[in-house]
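Chemist: Dropping the structure in here first, questions after.
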Amino acid sequence: MTLSNLKTKFMTRNDCYTAGRTITPKGIMVHSTATPGVMAGSWFSRWNKSYRAGEINRQVCVHAFLDDKEIWQYLPWNHRGWHAGGAANNTHIGFEICEPAGHSFRGATMVGYDVKKNEAYFRAAWKNAVDLCVFLCKKHGLTEKDIIGHAEGHRQGIASNHADPDHWFPKHGESMDSFRAAVKIGLKNPKNEDFYVGDIVKIKDAANRYYPNGPQIPSWVKSTNHKITQNRSNGKTVLRGGRKAVLLGKKIHKRTGDESPGIMTWVDKEILELVDVEKEEKGAAPEKLYRVQVGAFGKEENAKALMDRLQKAGFDAYMRYE
């Protein structure tokens with residue numbers, strides 16, 4: 001499963017990131033920022049700093065921030081965050097919902113918050129938060145029951161004493177219970193299903209071709225499961241026969257789960273069914289890859305020319321300046 005508005009930029013300067021501790025996510029904790037008007041993309045420059053080096057006065061880092069438009073991932077999902085102020089850091093992914101501008105705080109109470117003016121913002125941010133939780137639940141084998149707010153975490157004894165997001169949601173007629181209900185609907189709605197690199201899929205029985213007007217699908221291809229090894233090329237969605245496609249790079253034995261070389265074919269996502277989601281292993285080492293280099297050039301235009309030739313020949317290619 002993918003999120004079209006999810007962007008990733010890890011806070012590698014933050015001491016939480018450099019600590020390098022990993023977790024097996026058992027739940028998700030919802031926070032809100034209580035910092036009116038500071039949107040998701042702005043938190044990188046605020047928090048990508050070292051407490052030990054005296055660059056920031058807080059030891060804090062969450063996995064993601066989101067607003068009405070974007071979702072920014074700032075830590076790997078299986079990285080131990082510093083967001084709960086308690087034991088939930090060892091078990092929960094944490095993300096912050098950014099609050100719109102125009103209000104202040106008296107303690108944990110919003111002062112001057114205009115519900116009507118902010119309704120459109122709230123609904124868009126709410127949807128992004130629900131979509132992120134659906135994504136994370138599918139990715140880590142969780143359900144809506146595994147989602148809590150920071151305030152709920154405090155009542156359970158696993159988080160510090162914060163009111164979020166209970167100070168905000170009720171102003172728009174919502175609560176953590178209604179949030180979990182929305183995630184539950186998202187998990188059951190097949191229209192929300194997309195595919196993520198590492199997902200295990202099978203080809204639908206009724207499918208005849210890999211994509212419209214593409215090659216016919218041999219029967220043996222349908223008899224096994226497949227792992228998605230790529231869903232974009234050069235940062236762009238891949239189209240085959242006018243349809244969004246993913247690359248099936250590995251075969252997965254249905255009974256044993258053993259991997260073997262795959263069909264290496266781009267396949268229309270509409271003919272695929274999800275069998276199992278990609279999962280991160282605690283402490284897993286990065287996969288080592290063999291890199292194939294075609295050339296190196298002193299001039300950018302020469303490098304681009306070769307990359308264009310490779311892409312026209314059907315090869316996935318990228319350019320890196322060193």
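The values are calculated or read from the model by the stated rules, or taken from the named source; none is laboratory data. The structure displayed is predicted, hence computed values, not measured ones. Ideal geometry is used to build each Cβ from the backbone, glycine not excepted, and the neighbour counts take in all protein chains shown.
Chemist: Is the range 173-185 home to any residue that is of a type outside the set (A, V, I, L, M), surrounded by fewer than 18 Cβ atoms within 10 Å (Cβ to Cβ), in contact with a Ser or Thr (Cβ under 6 Å, 6 or more places away or on another chain) and closer than 30 Å to residue 33 by Cβ?
Modeler: Checked against the condition, which is being of a type outside the set (A, V, I, L, M), surrounded by fewer than 18 Cβ atoms within 10 Å (Cβ to Cβ), in contact with a Ser or Thr (Cβ under 6 Å, 6 or more places away or on another chain) and closer than 30 Å to residue 33 by Cβ, the range 173-185 yields no hits at all.
Chemist: With respect to residue 112, determine if the residue is touching a strand residue (DSSP E or B) at 6+ places or on another chain (Cβ under 9 Å), surrounded by 24 or more Cβ atoms within 10 Å (Cβ to Cβ) and among the small types (Gly, Ala, Ser).
Modeler: It is false that residue 112 is touching a strand residue (DSSP E or B) at 6+ places or on another chain (Cβ under 9 Å), surrounded by 24 or more Cβ atoms within 10 Å (Cβ to Cβ) and among the small types (Gly, Ala, Ser).
Chemist: Given the structure, is residue 21 modelled with pLDDT of 95 or more and under 18 Å from residue 84 (Cα atoms)?
Modeler: So residue 21 fits the description; yes.
Conditions tested, residue by residue: (1) closer than 26 Å to residue 255 by Cβ; (2) at pLDDT 90 or above; (3) in a strand (DSSP E or B); (4) not hydroxyl-bearing (Ser, Thr, Tyr).
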| position | (1), (2), (3), (4) |
| --- | --- |
| 184 | no, yes, no, yes |
| 191 | no, no, no, yes |
| 197 | yes, no, no, yes |
| 201 | yes, yes, yes, yes |
| 226 | yes, yes, yes, yes |
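Chemist: Out of (1) over 23 Å from the mean Cα position of the chain (by Cα); (2) at pLDDT below 95; (3) surrounded by 15 or more Cβ atoms within 10 Å (Cβ to Cβ); (4) of a type outside the set (Gly, Ala, Ser), the odd one out for residue 58 is which?
Modeler: Failing condition for residue 58: (3).
Conditions (1) modelled with pLDDT under 80; (2) touching an Asp or Glu at 6+ places or on another chain (Cβ under 6 Å); (3) closer than 20 Å to residue 227 by Cα, marked per residue:
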{"residue": "257", "(1), (2), (3)": "no, no, yes"}
{"residue": "273", "(1), (2), (3)": "no, no, yes"}
{"residue": "276", "(1), (2), (3)": "yes, no, yes"}
{"residue": "311", "(1), (2), (3)": "yes, no, no"}
{"residue": "314", "(1), (2), (3)": "yes, no, no"}
{"residue": "320", "(1), (2), (3)": "yes, no, no"}
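Chemist: Return the residues of the range 197-218 that are among the acidic types (Asp, Glu) and under 13 Å from residue 247 (Cα atoms); say none if nothing qualifies.
Modeler: Residue satisfying the conditions is 199 alone.
Chemist: Still on this structure, I have one more. Within the range 20-38, can you find the residues that are assigned to a loop (DSSP other than H, G, I, E, B) and out of contact with any Leu (no Cβ under 9 Å at 6 or more places or on another chain)?
Modeler: 20, 21, 23, 24, 33, 34, 35, 36, 37, 38
Chemist: Quick check: is even one residue across the range 40-53 under 21 Å from residue 187 (Cα atoms) and either crowded, with 20+ Cβ neighbours inside 10 Å or among the hydroxyl-bearing types (Ser, Thr, Tyr) (or both)?
Modeler: No.
Chemist: Tally up the residues in the range 229-248 that are in a strand (DSSP E or B) and in contact (Cβ under 8 Å) with a residue 40 or more places away in the chain, please.
Modeler: 4
Chemist: Note down all Cβ pairs under 9 Å where the first residue falls in the range 90-118 and is farther than 11 Å from residue 168 by Cα and of a type in the set (S, T, N, Q), the second is modelled with pLDDT under 95 and part of a strand (DSSP E or B), and they're at least six residues apart or on different chains.
Modeler: none
Chemist: Here is a further query. Would you list the strands (runs of 3 or more DSSP E) that sit entirely within the range 44-137 and hold 1 or more residues that are more than 18 Å from residue 163 (Cβ to Cβ) and among the polar types (S, T, N, Q)?
Modeler: The qualifying strands (runs of 3 or more DSSP E) are 71-73.
Chemist: Also, quick follow-up: Only one residue in 198, 214 is buried (at least 16 other Cβ atoms within 10 Å of the Cβ), more than 27 Å from the chain's Cα centre (by Cα) and under 15 Å from residue 266 (Cα atoms). Which one?
Modeler: 214
Chemist: Residue 103 fails exactly one of the following numbered conditions: (1) farther than 23 Å from residue 49 by Cα; (2) in contact with a Pro (Cβ under 6 Å, 6 or more places away or on another chain); (3) crowded, with 23+ Cβ neighbours inside 10 Å; (4) of a type outside the set (D, E, K, R). What is the number of that condition?
Modeler: (3)
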